[in-house]
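Read through the structure below, which is laid out as structure tokens, and then see the notes.
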Amino acid sequence: MVSDTHALDNMSREWRARVAAAEDLQALETERVAALGKQGAITALLKTLGTMSAEQRQAEGAAIHRLREQVTEAIVARKTALEAADLDRKLATEMLDMTLPVSDPPQGSVHPVAQVMDELAEIFADLGFSVATGPEIEDDWHNFTALNIPESHPARAMHDTFYFDKCDGEGRRMLLRTHTSPVQIRTMMGQKPPIYTIAPGRTYRSDSDATHTPMFHQLEGLVIDRGIHLGHLKWTLETFLKAFFEREDIVLRMRPSYFPFTEPSAEVDVGYTLVNGRRVLGGSGGWMELLGSGMVHPRVIAACGLDPKEWQGFAFGCGIDRLAMLKYGMDDLRAFFDGDLRWLRHYGFSSLDVPTLSGGVGA
Ligand code: 2U9
């Protein structure tokens, strides 16, 4: 019988030596299967336990199980060592020197979304707006409650919002922000008015087709000051769109609408003209919806700790991806995020071509 204690000790030593000699993960796996696999030598030994008498099992069972544990431990230790060596080898050979000069001519290009964001920052900086950013992982107070979106509002429904399983320390549900509005909530809470700010950035909604991607980019603007009214809003949007599309004949039309965070609210259409069957912005041959906007709801101002009797404001929001499509002529939003090099080379911008108001914000 192989299973006397002496023989088992020898067997353990022998297997551990084989495991230690395995030169790579594949060789180690071969040894593991030979020892502990279905047809393995140690597995066969374990199977003999069932055929033993009670006394025999008492005498030898523990030693057989110890053998299995020792070999298993040796395999785990060897696996860890081989994986660490593998990583060291990769770290040593797969190095990328970030300080190397860019290739000549430069091969990368600036993504149209990044380009448009730079253009927007330039245009609004000229109007006295700062650029604010904030976390993409938010809590439901900053994303919904502070914006006068109550628990029962459809925007909170699971099919729109990506929720996390966990809450934050204050019991607030965590989510991927569905708009950049929480950035302005944080600005209003951390900064004294007057506030003139834009918040461009990534937003997330569980939605996907030719015109919707689960991640998209939004631009929102917020002004909080004394005596602000709808006229300021309309002038700001007109001035922004004329600069962005580089046309003086941009015409806006505001239609009454509803958003929980603005009152009154207005959807903003931009006039277009048909040129060879294509819609070109400018004039008023037809209208396309481009922005949402309104006067900031007094409850939102109060939620941020400001007195709505003293401070008023306007806000607006629009899709940056859509602005880019309209200005630069792409027709499928999904291609924006495919990472297709031909698309990027075609629609991308030179990193040296920085948008300026004097030199033109376009390409
Ligand atoms: C605060 C208060 C109010 C931002 C606004 C809209 C209207 C709007 C949509 C346009 C297209 C989002 O990308 S889209 O789907 N946005 O219609 N957004 S007013 O209002 C705010 C923001 C922050 C503190």
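Looking only at region 199-258, count every residue that is touching a Lys or Arg at 6+ places or on another chain (Cβ under 9 Å) and of a type in the set (Phe, Trp, Tyr) and tell me the total.
Qualifying residue count, region 199-258: 4.
Residue-wise test of (1) modelled with pLDDT of 90 or more; (2) within 16 Å of the ligand (Cβ to nearest atom); (3) assigned to a loop (DSSP other than H, G, I, E, B); (4) surrounded by fewer than 16 Cβ atoms within 10 Å (Cβ to Cβ).
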site	(1), (2), (3), (4)
PHE316	yes, yes, no, no
ARG322	yes, yes, no, no
MET325	yes, yes, no, no
PHE336	yes, yes, no, no
LEU344	yes, no, no, no
SER351	no, no, yes, yes
VAL354	no, no, yes, yes
GLY362	no, no, yes, yes
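With respect to ARG279, determine if the residue is in a strand (DSSP E or B), more than 16 Å from the ligand (Cβ to nearest atom), in contact with a Leu (Cβ under 9 Å, 6 or more places away or on another chain) and farther than 22 Å from LEU147 by Cβ.
It is true that ARG279 is in a strand (DSSP E or B), more than 16 Å from the ligand (Cβ to nearest atom), in contact with a Leu (Cβ under 9 Å, 6 or more places away or on another chain) and farther than 22 Å from LEU147 by Cβ.
The rows are residues; the columns are (1) in a helix (DSSP H, G or I); (2) modelled with pLDDT under 95; (3) in contact with a helix residue (DSSP H, G or I) (Cβ under 7 Å, 6 or more places away or on another chain).
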residue: LEU8; (1), (2), (3): yes, yes, yes
residue: ARG66; (1), (2), (3): yes, yes, no
residue: ALA74; (1), (2), (3): yes, no, yes
residue: LEU82; (1), (2), (3): yes, no, yes
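Identify, from the list THR51, THR43, THR93, THR99, the residue that is over 30 Å from ARG322 (Cβ atoms), of a type in the set (S, T, N, Q) and touching a Lys or Arg at 6+ places or on another chain (Cβ under 9 Å).
Among THR51, THR43, THR93, THR99, only THR43 is over 30 Å from ARG322 (Cβ atoms), of a type in the set (S, T, N, Q) and touching a Lys or Arg at 6+ places or on another chain (Cβ under 9 Å).
Just one of (1) in a loop (DSSP other than H, G, I, E, B); (2) among the basic types (Lys, Arg); (3) within 15 Å of the ligand (Cβ to nearest atom) trips up LYS234, so point out which.
Going through (1) in a loop (DSSP other than H, G, I, E, B); (2) among the basic types (Lys, Arg); (3) within 15 Å of the ligand (Cβ to nearest atom) one by one, LYS234 breaks only (1).
Return the residue satisfying two criteria in turn: it lies in region 282-291 and is touching a Gly at 6+ places or on another chain (Cβ under 8 Å) and in a strand (DSSP E or B), and of such residues it is nearest to the ligand (Cβ to nearest atom).
Ranking the candidates gives LEU291 first.
Given the conditions (1) more than 11 Å from the ligand (Cβ to nearest atom); (2) buried (at least 19 other Cβ atoms within 10 Å of the Cβ); (3) outside any loop (DSSP other than H, G, I, E, B); (4) over 27 Å from the mean Cα position of the chain (by Cα), which single one is not true for GLY201?
With (1) more than 11 Å from the ligand (Cβ to nearest atom); (2) buried (at least 19 other Cβ atoms within 10 Å of the Cβ); (3) outside any loop (DSSP other than H, G, I, E, B); (4) over 27 Å from the mean Cα position of the chain (by Cα) applied to GLY201, the lone miss is (4).
Filter region 237-276 down to the residues that are within 16 Å of the ligand (Cβ to nearest atom) and among the small types (Gly, Ala, Ser), then identify the one that is farthest from LEU222 (Cα to Cα).
In the first step, residues of region 237-276 are kept if they are within 16 Å of the ligand (Cβ to nearest atom); the result is 237, 240-241, 244, 252-270.
Now drop any that are not among the small types (Gly, Ala, Ser), which leaves 257, 265-266.
Details: SER257: 18, SER265: 14, ALA266: 15 Å.
For region 237-276, the residue satisfying everything is SER257.
In region 168-190, which residue that is of a type in the set (Gly, Ala, Ser) and more than 10 Å from the ligand (Cβ to nearest atom) is surrounded by the fewest Cβ atoms within 10 Å (Cβ to Cβ)?
Step one: of region 168-190, the residues of a type in the set (Gly, Ala, Ser) are 169, 171, 181, 190.
Right, trim to more than 10 Å from the ligand (Cβ to nearest atom) and you get 169, 171, 190.
On the way: GLY169: 6, GLY171: 8, GLY190: 9.
By that ranking, first place goes to GLY169.
Can you give me the number of residues within region 108-157 that are in contact with a Lys or Arg (Cβ under 9 Å, 6 or more places away or on another chain) and among the polar types (S, T, N, Q)?
Residues flagged as in contact with a Lys or Arg (Cβ under 9 Å, 6 or more places away or on another chain) and among the polar types (S, T, N, Q) within region 108-157 amount to 4.
How about region 237-257: which of its residues are more than 29 Å from ASP338 (Cα to Cα) and part of a helix (DSSP H, G or I)?
Those that are more than 29 Å from ASP338 (Cα to Cα) and part of a helix (DSSP H, G or I): LEU237, GLU238, THR239, PHE240, LYS242, ALA243.
Check ASP104, ASP165, ASP118 and return the single one that is surrounded by fewer than 19 Cβ atoms within 10 Å (Cβ to Cβ) and assigned to a loop (DSSP other than H, G, I, E, B). Break it down into steps so the answer makes sense when it comes.
Values: ASP165 fails: assigned to a loop (DSSP other than H, G, I, E, B); ASP118 fails: assigned to a loop (DSSP other than H, G, I, E, B).
Of the residues listed, the single one that is surrounded by fewer than 19 Cβ atoms within 10 Å (Cβ to Cβ) and assigned to a loop (DSSP other than H, G, I, E, B) is ASP104.
Kindly list, by first and then second residue, each pair from a residue in region 179-194 that is closer than 21 Å to ASP307 by Cβ to a residue that is in a helix (DSSP H, G or I) and modelled with pLDDT of 95 or more, limited to pairs with Cβ atoms under 6 Å and residues at least 6 apart or on different chains.
SER181/LEU147; ILE185/HIS142; ILE185/ALA146
Could you tell me which numbered condition TYR196 fails, if it satisfies all but one of (1) away from the ligand (no atom under 12 Å from the Cβ); (2) hydroxyl-bearing (Ser, Thr, Tyr); (3) assigned to a strand (DSSP E or B); (4) under 24 Å from MET325 (Cα atoms)?
Among (1) away from the ligand (no atom under 12 Å from the Cβ); (2) hydroxyl-bearing (Ser, Thr, Tyr); (3) assigned to a strand (DSSP E or B); (4) under 24 Å from MET325 (Cα atoms), the lone unmet condition for TYR196 is (4).
Which of the residues belonging to region 134-170 are of a type in the set (S, T, N, Q) and under 19 Å from the mean Cα position of the chain (by Cα)?
Result: ASN143, THR161.
Give me the residue from region 147-162 that is touching a Phe, Trp or Tyr at 6+ places or on another chain (Cβ under 9 Å) and surrounded by 12 or more Cβ atoms within 10 Å (Cβ to Cβ) and, out of that set, modelled with the lowest pLDDT. Before the answer, list the steps.
Taking region 147-162 and keeping what is touching a Phe, Trp or Tyr at 6+ places or on another chain (Cβ under 9 Å), we get 147-151, 153, 155-156, 161-162.
Now restrict to residues that are surrounded by 12 or more Cβ atoms within 10 Å (Cβ to Cβ): 147-149, 153, 155-156, 161-162.
Details: LEU147: 96, ASN148: 94, ILE149: 92, HIS153: 81, ALA155: 68, ARG156: 78, THR161: 90, PHE162: 92.
Among residues in region 147-162 that are touching a Phe, Trp or Tyr at 6+ places or on another chain (Cβ under 9 Å) and surrounded by 12 or more Cβ atoms within 10 Å (Cβ to Cβ), the one modelled with the lowest pLDDT is ALA155.
Does region 292-310 contain any residue that is part of a strand (DSSP E or B), in the same structural domain as ARG186 (by TED's automatic domain parsing), in contact (Cβ under 8 Å) with a residue 12 or more places away in the chain and more than 8 Å from the ligand (Cβ to nearest atom)?
Looking through region 292-310, at least one residue is part of a strand (DSSP E or B), in the same structural domain as ARG186 (by TED's automatic domain parsing), in contact (Cβ under 8 Å) with a residue 12 or more places away in the chain and more than 8 Å from the ligand (Cβ to nearest atom).
The values are calculated or read from the model by the stated rules, or taken from the named source; none is laboratory data. The shown structure was predicted, so the numbers you read here are calculated from the model rather than taken from an experiment. Using ideal geometry, Cβ is built from the backbone for each residue, glycine included, and neighbour counts are taken over all protein chains shown.
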